[in-house]
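The values are calculated or read from the model by the stated rules, or taken from the named source; none is laboratory data. Computed from a prediction, not measured in an experiment: that's the story for all the values here. Quick reminder, even Gly has a Cβ in these numbers, built from the backbone with ideal geometry, and neighbours come from all protein chains shown. Side chains included, ligands, DNA and RNA excluded: accessible areas come from the protein's heavy atoms. Shrake-Rupley method; radii C 1.70, N 1.55, O 1.52, S 1.80 Å.
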Amino acid sequence: MMTDFCQTLQAHFDDMFVNGREVVLRFYRTDNASVDFEEEYEDKELNEIIDDWLAKERSR
């Protein structure tokens, strides 16, 4: 019984290592924040900078 549990758990971790896992990121901005997601930094909107960073990290 314990062996089956350990094998199932290990298979789950092996699958996550190979396939990764899905996550959801939500960014919120309060009304009194000094920045917003459409503000430009070095000719790019903040939301583009975040998207680029996530794409770069995903490909590592």
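Selection of first residues in the stretch 5-33 that are on the phi < 0 side of the Ramachandran plot and of second residues that are in a loop (DSSP other than H, G, I, E, B) and among the hydrophobic types (A, V, I, L, M, F, W, C), restricted to Cβ pairs under 9 Å at least 6 apart or on distinct chains, gives the following pairs, ordered by first then second residue: Phe27/Phe37; Arg29/Val35; Arg29/Phe37.
Pairs please, first residue from the stretch 41-60 and closer than 16 Å to Leu25 by Cβ, second anywhere and open to solvent by 60 Å² or more (accessible area, probe 1.4 Å) and assigned to a helix (DSSP H, G or I), Cβ atoms under 7 Å, 6+ apart in sequence or on different chains. Hits for this filter: zero, empty list.
Taking the criterion of being of a type outside the set (Gly, Ala, Ser) and part of a helix (DSSP H, G or I), the residues of the stretch 42-58 that qualify are Leu46, Asn47, Glu48, Ile49, Ile50, Asp51, Asp52, Trp53, Leu54, Lys56, Glu57, Arg58. Report yes if Glu45 is acidic (Asp, Glu) and surrounded by 10 or more Cβ atoms within 10 Å (Cβ to Cβ), otherwise no. Criteria met by Glu45.
Check the stretch 16-37 and report whether any residue there is touching a helix residue (DSSP H, G or I) at 6+ places or on another chain (Cβ under 8 Å), surrounded by 10 or more Cβ atoms within 10 Å (Cβ to Cβ) and part of a loop (DSSP other than H, G, I, E, B). Yes, the stretch 16-37 contains a residue that is touching a helix residue (DSSP H, G or I) at 6+ places or on another chain (Cβ under 8 Å), surrounded by 10 or more Cβ atoms within 10 Å (Cβ to Cβ) and part of a loop (DSSP other than H, G, I, E, B).
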